[in-house]
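> Just passing along the structure, written as structure tokens.
The values are calculated or read from the model by the stated rules, or taken from the named source; none is laboratory data. Quick caveat: nothing in here was measured; it's all calculated off a predicted structure. Please note: Cβ atoms are built from the backbone with ideal geometry, for glycine as well, and neighbour counts cover all protein chains shown. Surface areas here come from the heavy atoms of the whole protein model, side chains and all, with no ligands, DNA or RNA. Shrake-Rupley method; radii C 1.70, N 1.55, O 1.52, S 1.80 Å.
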Amino acid sequence: MDSLLFARLQMTFSLAFHMVYAAIGIGLPLLLVIVEGLYLRTERPHYKALAQKWAKVLGLLFAVGAVSGTALSFELGLLWPAYMEVMGASVGHIFGLEGFAFFLEAIFIGLYLYGWDRLRPWPHWWCGVVIAASGMLSGVLVLGVNAWMQQPVGFEMNGQQVIATDPVATFRQPLWFYMAWHSTLACYMSVAFAVAGWYAWRALRGRCDAYTRAALVAAMAVGAVSAVLQPLSGDLLAKYVFKTQPVKFAAMEGQFRTERHAPLRIGGWPDEAAGETRFAIEIPSGLSFLATHDPTAEVPGLDQTPRSLWPNVEITHFAFQIMVGAGVALLALSVWFWWTYYRNRDQILQRRWLLRAIVLGLPLGFIGLEAGWFVTEVGRQPWIIQGVMLTRDAVTPAPGVGAMFVAFTLLYTVLGVTVIVLLRHIATVSYSETPLPSATKDAPSNV
Amino acid sequence: MFDWPSMWIDLSALAALVGMMAYALLGGADFGGGMWDLFASGPRKKEQRLAIQKAMGPVWEANHVWLVFVLVVLFTCFPRGYSVLAIALFLPFHLALLGIMLRGASFVFRSYQSRETAAVEISAWGVVFGAASIISPLLLGTAFGVVTEGGITLTDQREVVLTRPAPWLSPYCVANGLLALSTCAYLAAVYLTNETVGALRDDFRQRAIFAGTATAILAGLVLLFAWQEAAWFFHRLLSWQAAPIVLAGLICFAGSAWSVFARRYRLSRIFAAGEIGLLLLGWAAAQYPYLVYPDILFTEAAAPRETLRFVVLSLPFGGLVLLPSLWLLFRVFKTRPAL
């Protein structure tokens, strides 16, 4: 039993850690391609300064993402060998495809980071495009495996063993598409609003130059497009979860009782013992309508499922509320920013209340990303593969799980702290001092 | 011809083997680079570290991905084998993983610490980088020992049992670990002679001679201990299906060592690569058809045929994209001496 707890915690930390870097590996290359492209079109040096600064950041964070991702390919098997036997045989090949995309990304990261003076400008930019595309693709492919855990298809089992598979079955299921869209947008939002928050803070500290402005506008452009599309993808995904994982859906919404005219609950405290969600703001028939477009529709509650097969309702519901809240806040921020920009674009760095709000939005994308992942994975419990294998049946019988949990928790702490220290270092080393060889003399010295 | 009963299983195993060869040749040399960084010495200490930094910087992440490739092929095509290894080698694999993570992270951390001290002065992350570069190949080598000596067995209920506690600490397994370590050091030194000139090149030539000697001694020790501890594997190595390959590998090793003495560095690199490739092939030939001797055959561990076929058929497509990309990467950064 202890092994199970430690293994779950180690998996939680490993994934929560890796996810940040994975999101950066997906989102930051897109921003890089935008600003380097702007430089190649306009030849204005501050775009190049930005691209080189962000490339430094990407070099650091991609490496941490690569090692923490490697950790996962080990840990999935080391901690959950029984799961690995079924997952590997059924959808391991999707990790294989993801491996190709990741390989491509690693190759072109090398070319991009070290190739500023070895490649001509446009080929260098294309390397950035390959990084952005392969980064996104590897994220989408990983979600294929995750979608399969939520809705396992394409395999037959005889006792413990997979005896036949249909390798393309998972490619055909809509859940993958909904999850991939939703998560990719979440990655773009996380990175874009974090970048925007950072440069808004620089602007508030008096750095109101073309460099800061370009960074803010580029980040808010990516952030706003993603924030507008995100509710649409979320709605489609939630409707699909309602159809295929009703228990998770009920936990997300704090829906204990099966009822018609189910209300949409905002906030609130799901009390598992009492079987009701207290203190929520309720919109009558809202949930029935959102789930089915019919306000009278019946929404199955947790009461349809034995208690032993419930996920942790509190965590699932809270995480869901946090995710939606973060998304709504970032959407509002985007509207505010672009409305202000549209009214008077030259004064955008002087709108101090707007800048303060953007600073507050800095962590919200990542908070939303992590919370959304909690909804997906905690909501799937107690199953590791929905309906096929329980998490507790998958854990390794090997001794020493607790010790490894402690070791890896320390490792992630050290890595995380070091990354923060080094990011501060990158931020304070001015552009003209950075050892990137193609630095031009007339470029502005800034962060 | 292209339709023997275990075709897809064999092709999948071959894919894993080729991935292991690539990881040994490329990632292995990066581990060796970390060791030479830690043990940089003499009047050109600083230049040695810079040369290693320059040689690894652009390529280590791509080299590292070969490990992920091997893992993915293993757990997709031979999921039962992967889970048995994961249970039996829970501790050494976890510690190797710790080393692999620290190696990659510290290499990058160090180069970001500050421009002046990066790779030149020994720093805390520099020490971690060197130590992690030693731990990982050592542990992976001992794990290799456990698998070949038959240290992992299954009960009738298919539960994983080690034949004795901590089998990775036996002389044979430890010798395997040290052999992996010295081979990585040798590869790195040989590669670095190809990427440097002048006195610095001579530094790495000396290191290659040193590591090569150690490798030869350790290889002898591994065989000796194998004869005592891993009798099955020892006899398989001497069987007709493996012995010619192993012998060819040893000839390549001798050729590589001779080339280092004769300062024929390019030739030495080619021979060294041939050595690693052939010895791994010889190991595979000796161990086939067992994935984990004595209880798990490749056929028992394999995933259903459809999955294997998907993986094997996807490889040419992946190669079509990846091989030109890799060629570009190595062409851009490896065509002229870095220093």
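> Can you pull out the residues in segment A:60-83 that are hydroxyl-bearing (S, T, Y) and open to solvent by 10 Å² or more (accessible area, probe 1.4 Å)? Outline the logic, then answer.
Taking segment A:60-83 as the starting set, the residues that turn out to be hydroxyl-bearing (S, T, Y) are A:68, A:70, A:73, A:83.
Across segment A:60-83, the qualifying residue is only A:S73.
> When segment B:218-263 is examined, which residues are found to be more than 18 Å from B:A175 (Cα to Cα) and outside any helix (DSSP H, G or I)?
B:L238, B:S239, B:W240, B:Q241, B:A242, B:A262, B:R263
> State yes or no: is A:V57 open to solvent by less than 20 Å² (accessible area, probe 1.4 Å) and assigned by TED's automatic domain parsing to the domain that holds A:V142? Spell out how you get there, then give the answer.
Numbers: open to solvent by less than 20 Å² (accessible area, probe 1.4 Å): no; assigned by TED's automatic domain parsing to the domain that holds A:V142: yes.
For A:V57, the condition - open to solvent by less than 20 Å² (accessible area, probe 1.4 Å) and assigned by TED's automatic domain parsing to the domain that holds A:V142 - is not met.
> Please specify each residue of segment A:114-128 satisfying the condition of being open to solvent by 40 Å² or more (accessible area, probe 1.4 Å) and facing chain B (nearest Cβ under 9 Å).
Within segment A:114-128, A:Y114, A:R118 qualify.
> Among what's in segment A:75-113 and is within 15 Å of A:P29 (Cα to Cα) and among the aromatic types (F, W, Y), pick the residue that is farthest from the other protein chains (Cβ to nearest Cβ).
Taking segment A:75-113 as the starting set, the residues that turn out to be within 15 Å of A:P29 (Cα to Cα) are A:101-102, A:104-113.
Now narrow it down to the ones that are among the aromatic types (F, W, Y): A:102, A:108, A:112.
Details: A:F102: 6, A:F108: 7, A:Y112: 10 Å.
Residue satisfying both the conditions and the ranking: A:Y112.
> Name the single residue that is nearest to the other protein chains (Cβ to nearest Cβ) among those in segment A:391-412 being part of a helix (DSSP H, G or I), open to solvent by 80 Å² or more (accessible area, probe 1.4 Å) and not aliphatic (A, V, I, L, M).
Applying the filter and picking the extreme gives A:D393.
> If you don't mind, another one. Only one residue in B:I270, B:I251, B:I276, B:I245 is touching a residue at least 60 places away in the same chain (Cβ under 8 Å) and among the aliphatic types (A, V, I, L, M), so which one is that? Talk me through it step by step, then tell me what you get.
Values: B:I270 fails: touching a residue at least 60 places away in the same chain (Cβ under 8 Å); B:I251 fails: touching a residue at least 60 places away in the same chain (Cβ under 8 Å); B:I245 fails: touching a residue at least 60 places away in the same chain (Cβ under 8 Å).
The unique qualifying residue is B:I276.
> Being closer than 19 Å to A:L237 by Cα, in contact with a Gly (Cβ under 8 Å, 6 or more places away or on another chain) and among the charged types (D, E, K, R) is the filter here, so list the residues in segment A:264-316 that pass it.
Across segment A:264-316, the qualifying residue is only A:R265.
> Let me ask another. Being open to solvent by less than 40 Å² (accessible area, probe 1.4 Å) and more than 11 Å from every other protein chain (Cβ to nearest Cβ) is the requirement here; does A:W148 meet it?
In short, yes.
> Could you please give the count of residues in segment B:83-96 that are assigned to a helix (DSSP H, G or I), in contact (Cβ under 8 Å) with a residue 12 or more places away in the chain and either basic (K, R) or open to solvent by less than 30 Å² (accessible area, probe 1.4 Å) (or both)?
Within segment B:83-96, residues that are assigned to a helix (DSSP H, G or I), in contact (Cβ under 8 Å) with a residue 12 or more places away in the chain and either basic (K, R) or open to solvent by less than 30 Å² (accessible area, probe 1.4 Å) (or both) number 5.
> Output the residue which, of all residues in segment B:297-339 that are among the aromatic types (F, W, Y) and surrounded by fewer than 20 Cβ atoms within 10 Å (Cβ to Cβ), is modelled with the highest pLDDT.
Out of the qualifying residues, it is B:F317.
> Which of (1) in contact with an Asp or Glu (Cβ under 7 Å, 6 or more places away or on another chain); (2) more than 8 Å from chain B (Cβ to nearest Cβ); (3) open to solvent by 10 Å² or more (accessible area, probe 1.4 Å) is the odd one out, the single condition A:T165 does not satisfy?
Checking A:T165 against (1) in contact with an Asp or Glu (Cβ under 7 Å, 6 or more places away or on another chain); (2) more than 8 Å from chain B (Cβ to nearest Cβ); (3) open to solvent by 10 Å² or more (accessible area, probe 1.4 Å), the one that fails is (2).
> Looking at A:L141, A:L216 in this structure, which one is in contact (Cβ under 8 Å) with a residue 12 or more places away in the chain, in contact with a Phe, Trp or Tyr (Cβ under 9 Å, 6 or more places away or on another chain), within 14 Å of chain B (Cβ to nearest Cβ) and closer than 22 Å to A:L32 by Cβ?
Being in contact (Cβ under 8 Å) with a residue 12 or more places away in the chain, in contact with a Phe, Trp or Tyr (Cβ under 9 Å, 6 or more places away or on another chain), within 14 Å of chain B (Cβ to nearest Cβ) and closer than 22 Å to A:L32 by Cβ holds for just one of A:L141, A:L216, which is A:L141.
> Residues in segment B:138-190 that are part of a loop (DSSP other than H, G, I, E, B) and either open to solvent by 10 Å² or more (accessible area, probe 1.4 Å) or in contact with an Asp or Glu (Cβ under 7 Å, 6 or more places away or on another chain) (or both): how many?
Total meeting the criteria: 11.
> Out of (1) surrounded by fewer than 15 Cβ atoms within 10 Å (Cβ to Cβ); (2) more than 12 Å from every other protein chain (Cβ to nearest Cβ), what's the single condition that is false for A:T376?
Here A:T376 clears every test but (1).
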